[in-house]
1. Give the cysteines in the chain for which no other Cys Cβ lies under 4.7 Å away, or write none if there are none.
2. May I ask for the Rg/Rh ratio of segment 115-211, computed from Cα atoms with Rh as the Kirkwood radius, given to two decimals?
3. Once you list every other residue whose beta carbon is under 11 Å from the beta carbon of Leu58, what net charge do they have if Lys and Arg are +1 and Asp and Glu are -1?
4. What are the equivalent ellipsoid semi-axes of segment 148-273, built from the alpha-carbon gyration tensor (square roots of five times its eigenvalues), in whole angstrom, biggest first?
5. Compute the signed sum of charges (Lys and Arg +1, Asp and Glu -1) over the other residues within less than 13 Å, Cβ to Cβ, of Val36.
6. For Glu338 and Asp223 in one chain, what is 0.36 nm times their gap in residues minus the Cα-Cα distance, to one decimal in nm?
7. Helix 112-127 sits at what angle to the longest principal axis of the chain, using alpha carbons and giving 0 to 90 degrees rounded to 10?
8. Give me the dipole magnitude in Debye, nearest 20, for the chain about the Cα centre, with unit charges on the beta carbon: positive for Lys and Arg, negative for Asp and Glu.
Amino acid sequence: TNWDQSPDALGRYELDHFNNWAQVCVTLERNPNLTVVVDTTCTPYVDCLGDIYGSAQLDCMGDCGGTRLIGDLDLDGQQDLVDVNQYVTGIIGNDITPMPCTDIDADGEITVSDAAYMAFCNYWNTYNHVPDSNAVHDHCNFPFIEIVNPFDSVTFTIGDVDYGSGYLDVHIKNPNKKLVGYELVLSGVQITGVDNLYDPVNYPITPAFEFGGGHLIGLSDVDSLIGKNTAFTPLCRVHFINPQSLICIDEVVDVVNENYMNSTTFLQDPCVTVTGLTEEAMALGVRVFPNPFRDETVLVYPQEFGTRVDVELLDLQGRVLRFLPGTPEGRVRIARGELSGGTYFYRLAGALRLTGRVVIE
């Protein structure tokens, strides 16, 4: 009993182990005489060091009696917040190779799930101490087995998009479970920043992201959660440059719920297309023709919105290239001039505020 010399539930260690039975072999069979036969050839347990009834085990590197801990990325002998942060940055940079010492949930991939498990471990290491608790826990006894909950659905969609300001909002719907973290991959943009739009009191995080890429992670490293949401709720704002004609939430890598299981994920309307006119602009009577154009195009807008509507022409980085004052008749000419072929944005400011796209051939 207690072959690995663990503490009891109160954190107390045995002073010695001499009173422990080492091993017993039992043969269960049925015979006419109902007799009990003692097995005298019971081979004793031998640990990896060759000691009979020894407690030595292989660590994650395969070393007998080794001290390497699963998830200890900085090799300091601790499973702590430093490792949590290294998981997040390593996942974003694709710098961690799945191995027995790094793949905490043993699924062959390094994702936000592994980082979440390490955050869970660090939380218990930090706060599970006397007198508040007994200082004994098993939340760092890795590996854990990945569990995907088929009854916990999480759906992502693209909410508000502002091409002129260079951002889009990701919305989330999670009616079944509260959430610890998420990992997404976007396409069609180069990310320059990500803001947390969820309640900063209940979920105080700073999302991590791949600068110039499309990879982002949101993870709580304390005991905070994204609450249940039965309708789409703003989750994060992604700032970007160089948008392509099609922008998408390309992949939901993993979502970790409050039970540290993986949610079943879905995408709804995950893409937006950069068009010359939004539905809102069309409904308000804004027109651009021709578009695409070679030498000149005309932007027309109704006058009932006020006495002045000015137009700005921007490049894909959101830099203002030209300021075009509005006219009484609601017609602004945009000449090509020195502009090279490509995609540009126009932004209406003043009594009417809208953003759209123009293309120079």
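1. Cys with no partner Cβ under 4.7 Å: Cys236.
2. That ratio is 1.05, to two decimals.
3. Local charge sum for Leu58: -2.
4. For segment 148-273, the semi-axes come out at 23, 15, 12 Å.
5. Taking every Cβ under 13 Å from that of Val36, the sum is -1.
6. 35.9 nm
7. Tilt relative to the chain: about 60 degrees.
8. 2100
Each reported figure results from applying straightforward, stated rules to the coordinates on display, with no laboratory input. Not measured: the values here are computed from a predicted model. No Cβ is skipped: glycine too gets one built from the backbone with ideal geometry, and neighbour counts run over all protein chains shown.
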